[in-house]
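Read through the structure below, which is laid out as structure tokens, and then see the notes.
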Amino acid sequence: MPYWFEPTVETVEIGGRTITIETGRMAKQAHGATVVSSGETAVLVTATHADPRPGTDFFPLTVDFVEKTSAAGKFPGGFFKREARLSDREILVCRFIDRSIRPLFTDGYMDETQIIATILSADGEVPPDMLGFIGASAALTISEMPFLGPIAPMRVGRIGGDFIAFPTVEQMEESDLELVLAGSRDALVMVEGEAKEVPEGEILAALKWGHEALQPLLDTQESLRSKAGKEKLQIPAPEKPADGLEDRIRGAAEARLAEAVALTDKKARYGTIAEVEKEVVNEITTEYRSEKVALDSLEAVEARQAGLRQLASRTKDFLKELRSDLVREKVLAQGVRIDGRGTADIRPIACEVGILARAHGTGLFTRGETQALVYATLGSAGDAQTIDALTQRYEKHFLLHYNFPPFSVGEARFLRGPSRRDIGHGNLAERAMVPVLPDFEDFPYTVRVVSEVLESNGSSSMATICGATLSMMDAGVPLKAPVAGIAMGLITDGERTAVLSDILGDEDHLGDMDFKVAGTRNGITAIQMDIKIESVDWEVMAKAMEQARAGRVHILDCMQSETASELGELTAREELSRYAPRVDVLWIKPDRIRDVIGPGGKVIRGIQEMTGAKIDIEDSGQVTVFSPDMDALARAKAMVEELTQEAEIGRLYLSKVKRITDFGAFCEIFPGTDGLVHISHLAEGRVEQVTDCVQEGDEVLVKCIDIDPSGRIRLSRKEALAEAADA
């Protein structure tokens, strides 16, 4: 192989699994490219950047995680047989990588930056998402982009009390928790996951264990950088002009901004802040316009206009910084937040259930200025969502969808499909509810929960979780325990630290950590954490988790007291909505399934059309009948039973003579099932000819007297008549 194709390769072993990172063989025109593999799973990750667009004042980062079905030896589903938009699963991985790496670029870096992770091979055992994350960090680390990494991910499972690094798909089925975290050498930067009501202390132990376990991946990336890394771009630190502008803005706005951020109502606060900003910008720019400057050329006019725009932009930016500083200092110095609450206080909570008649279940959850209207809809097994994933195909019987319309924050903009944020928030809420769902065998419904966020001022995803609990209990879904969610925040200046419960939207933006946790009274079911500073002390994290637990219990208490007249001790209704389908389950022999379905589905369609019920049949022989009408349910069930019933020894049947032979008569005891009445069992005494007793087409009473191992049925007219006479 020519020397310019020889890759640089590093390997590391974690948890008994070998992970290989290579660069220099594929995608060499990208500014950074790595192939990360483990087992027979491999992911190519590229990192590229381009000059910033004129006027860009933010960091334009795009992350894509792309699953190619060819990597698993499959054809894409659908008509076009080509991959199209990203699936929800791909979007969730994109978000995890994006949220972890975004804060780790040098201040002032504004280049268009793109990360693309493409699955090259998937073995169905090693999940490719963690390999894609490792590749993203490694590609950025060896590139010239000013990335302050490396960082590394870790998926943590637990089986039998023992933590597992990078568990396989099979191991995750046995695990009682799944935490996906990302960390640097000194601290965690991102966490998300779910658990089966695991206590806070055990979650914290898992995070510490995972952070320690990912360290070898950092060593491997450092080694790769030393061999194949490029020299980093030097981004000069932004210099603030020494023109006294900030002092002038502070003098003009500080007192008024302090009054504005003390307003507890969001609309009033935002309106007052906007007025202050408008007045100060107008004041500063008016001074600039009043300066006597010769505008004797087009270039001079354009320069003057550019200077005016830059001055207005600098003024607005500093006003935002000043506002943030005022809020943070008030919290740290006085323990008083924007809306006047203390650090651990929860906003007022109101809950309602059953407010919409035709919905199977509804919950309206309001916490301060955040409100979610949540619907629960019950459906049959046929309503389940079929997921055609990269290496497996499965059905989802629980779906949670989150919608964030623009009016919820007082905006007017076009409605589009669900955004990446909507998908991420919905997934977090869904994961929080899954551990408390009833087993499908015990409650054979497909359940869809839809959250419509009607107002938002902090943590609409956690309001969605609370509303999901209320709506499903209103619908009669027997949850194992009620679940509530709370969003936590952190503000620190290095010496002083404040942990905030139930954060507002503003506190989310200006804080140093966004920490969402959901669970029952017994433990955590879902967690998500974004850390925006270099490190958070483990003691502070432990305090945040304990404060979150107390807040969660308070919210559950409020949910219970607010709905006591409807849901009692916050338990599911005993009766389903009259519009919800009723369900009944019966079992038939698998070889009788064809009798229910019929040729081309003719029989089952006929039953459904005649009764209005819906019938689902599993290969195991489980038949589930759905209908909101109990009479229709009973009729459909009876028709299925009639088609699939089995003869019972000792039972009487009114049969129809189908065929006569010299030795007896074959009688149909129910559709599709015949038995033989031997000539000796037609009547008492000797019978010379079968036709002396019965003719074809006659209806005769018979008794089942035997069923041989091959399934042949023996009937007796003689014994049936004797039993009828005795009765």
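A short reminder: the numbers here are calculations on the coordinates, not readings from a lab. No experiment lies behind these values; they were computed from the predicted model shown. Using ideal geometry, Cβ is built from the backbone for each residue, glycine included, and neighbour counts are taken over all protein chains shown.
So how much slack lies between VAL336 and ARG421, counting 0.36 nm per residue of separation and subtracting their Cα-Cα distance, in nm?
Fully extending the segment from VAL336 to ARG421 adds 27.6 nm.
Given Cβ point charges of +1 (Lys, Arg) and -1 (Asp, Glu) and nothing else, what value in debye, to the nearest 20, does the dipole of the chain about its Cα centre take?
Numbers: 82 positive and 118 negative charges, 259 e Å.
Its charge dipole is roughly 1240 debye.
How would region 652-726 be classified by its alpha-carbon gyration tensor: rounded, prolate or oblate, with rounded meaning a/c under 1.5 and the a/b versus b/c comparison settling the rest? Mind showing how you got there, number by number?
Values: a/c = 1.34, a/b = 1.15, b/c = 1.16.
Rounded.
Computed FRET efficiency, Cβ-Cβ of GLU648 and GLU688, R0 41 Å: what is it to the nearest 0.05?
E(calc), rounded to 0.05, equals 0.85.
Place the peptides 428-436, 106-114 in order of packing, highest mean first, counting for every residue the other Cβ atoms within 10 Å and averaging per peptide.
In descending order of packing, they fall as 428-436, 106-114.
Using modelled backbone amide H atoms (1.01 Å from N, in-plane), which distant-in-sequence or interchain residues come within less than 5 Å of LEU715's amide H?
LEU676, VAL677, HIS678, ILE705
Taking the Cα centre of region 245-334 as the origin and placing charges on Cβ (Lys, Arg +1; Asp, Glu -1), which of LEU332, LEU245, VAL281 is farthest toward the positive end of the dipole?
Farthest towards the positive pole: LEU332.
If Rh is defined by the Kirkwood formula over all Cα pairs and Rg also comes from Cα, what ratio Rg/Rh do you get for region 457-585?
1.09
Under the rule a/c < 1.5 gives rounded, and otherwise a/b versus b/c splits prolate from oblate, where does region 3-228 land using the Cα gyration tensor? Present the calculation step by step, with values, prior to reporting the outcome.
Working: a/c = 1.43, a/b = 1.24, b/c = 1.15.
It is rounded, given that a/c, with a ≥ b ≥ c, falls under 1.5.
Roughly how tilted is helix 298-334, in degrees to the nearest 10 and between 0 and 90, from the longest Cα axis of the chain?
In the chain, helix 298-334 runs at an angle near 70 degrees to the longest axis.
Search the structure for amide H atoms under 5 Å from the amide H of ARG158, placed 1.01 Å from N in the peptide plane, and list their residues when 5 or more places away or on another chain.
ILE164, ASP176, LEU177
Separation between the THR20 and GLU283 pseudo-spin-labels, each 7 Å from Cα along Cα→Cβ, expressed in nm?
Rounded to a tenth, the inter-label distance reads 6.6 nm.
Convert each backbone phi in region 553-568 into a coupling constant with the Karplus relation 6.51 cos²θ - 1.76 cosθ + 1.60 (shift: θ = phi - 60°), then list the ³J(HN,Hα) values in order as whole Hz, x for Gly and Pro.
5, 4, 5, 4, 4, 5, 4, 5, 5, 6, 10, 4, 5, 9, 10, x
Rounded to the nearest 5, what % of the DSSP beta bridges within the chain are antiparallel ones? Don't jump to the answer; show the numbers that get you there.
On the way: 124 of 138 bridges.
The answer is about 90 percent antiparallel.
For SER226 paired with THR106, estimate the spin-label separation in nm (one decimal), with each label point 7 Å from Cα along the Cα-to-Cβ line.
Placing both labels 7 Å along Cα→Cβ, they lie 2.3 nm apart.
Can you tell me the length gained on complete extension of the stretch ARG413 to GLU246, counting 0.36 nm per residue apart and subtracting the Cα distance?
This chain segment gains 56.7 nm when fully extended.
Return the calculated 222 nm mean residue ellipticity for the chain, to the nearest 500 deg cm²/dmol, obtained by summing -39500 (n - 2.57) across DSSP H runs with n ≥ 4 and dividing by the residue count.
About -11000 deg cm²/dmol.
In what sequence, highest mean first, do 374-383, 48-57, 564-573 appear when ranked by Cβ atoms within 10 angstrom? The partial results should precede the final answer.
Values: 374-383: 21.5, 48-57: 12.0, 564-573: 15.0.
Order by mean packing, descending: 374-383, 564-573, 48-57.
For GLU699 and PHE58, FRET efficiency with R0 = 51 Å and r from the beta-carbon atoms, rounded to 0.05?
Values: r = 85 Å, r/R0 = 1.66.
My answer for the efficiency is 0.05.
Explain nothing, just compute: Karplus ³J(HN,Hα) = 6.51 cos²θ - 1.76 cosθ + 1.60, θ = phi - 60°, for every residue of region 595-608 in order, whole Hz, x for Gly and Pro.
5, 6, 6, x, x, x, x, 5, 5, 5, 5, x, 4, 5
Which angle between 0 and 90 degrees, to the nearest 10, do you get for helix 128-142 versus the longest principal axis of the chain when only C-alpha atoms count?
20
For region 245-334, what does the relative contact order come out to in percent, with C-alpha contacts under 8 Å and a separation of six or more? Spell out each step's value before the answer.
On the way: 44 pairs, mean separation 35.8, N = 90.
After rounding, I find 40 percent.
Using modelled backbone amide H atoms (1.01 Å from N, in-plane), which distant-in-sequence or interchain residues come within less than 5 Å of LYS68's amide H?
Excluding prolines and chain starts, which carry no amide H, the hits are ILE119.
For the chain, calculate the relative contact order in percent as a whole number, restricting contacts to Cα pairs under 8 Å that are 6 or more residues apart.
Computed value for the chain: 9 percent relative contact order.
Using the alpha-carbon atoms, what tilt in degrees (0 to 90, nearest 10) does helix 200-213 show relative to the longest principal axis of the chain?
70
Under the classification rounded if a/c is under 1.5, otherwise prolate if a/b is larger than b/c and oblate if not, where does the chain fall, given a ≥ b ≥ c as square roots of the Cα gyration tensor eigenvalues? Write down the numbers at each step before the final one.
Numbers: a/c = 2.82, a/b = 2.01, b/c = 1.40.
Here the chain falls in the prolate category.
Using packing as a proxy for protection, rank 147-160, 645-658 so that the peptide with the highest average count of other Cβ atoms within 10 Å comes first. Each step should come with its number before you reach the end.
On the way: 147-160: 22.1, 645-658: 15.1.
In descending order of packing, they fall as 147-160, 645-658.
What aspartates and glutamates sit close enough to LYS703 to cross-link, taking a C-alpha to C-alpha distance under 19 Å and skipping anything fewer than 8 places away on the same chain?
Within reach: GLU642, GLU646, GLU648, GLU668, ASP674, GLU684, GLU719, GLU723, ASP726.
Can you compute the modelled spin-label distance between ARG185 and GLN622, with each label point 7 Å from Cα toward Cβ, in nm?
Label at ARG185, label at GLN622, 5.3 nm between them.
Report ³J(HN,Hα) in whole Hz for each residue of region 255-262, in order, from the Karplus equation J = 6.51 cos²θ - 1.76 cosθ + 1.60 where θ = phi - 60°; Gly and Pro get x.
5, 5, 5, 4, 5, 5, 6, 8
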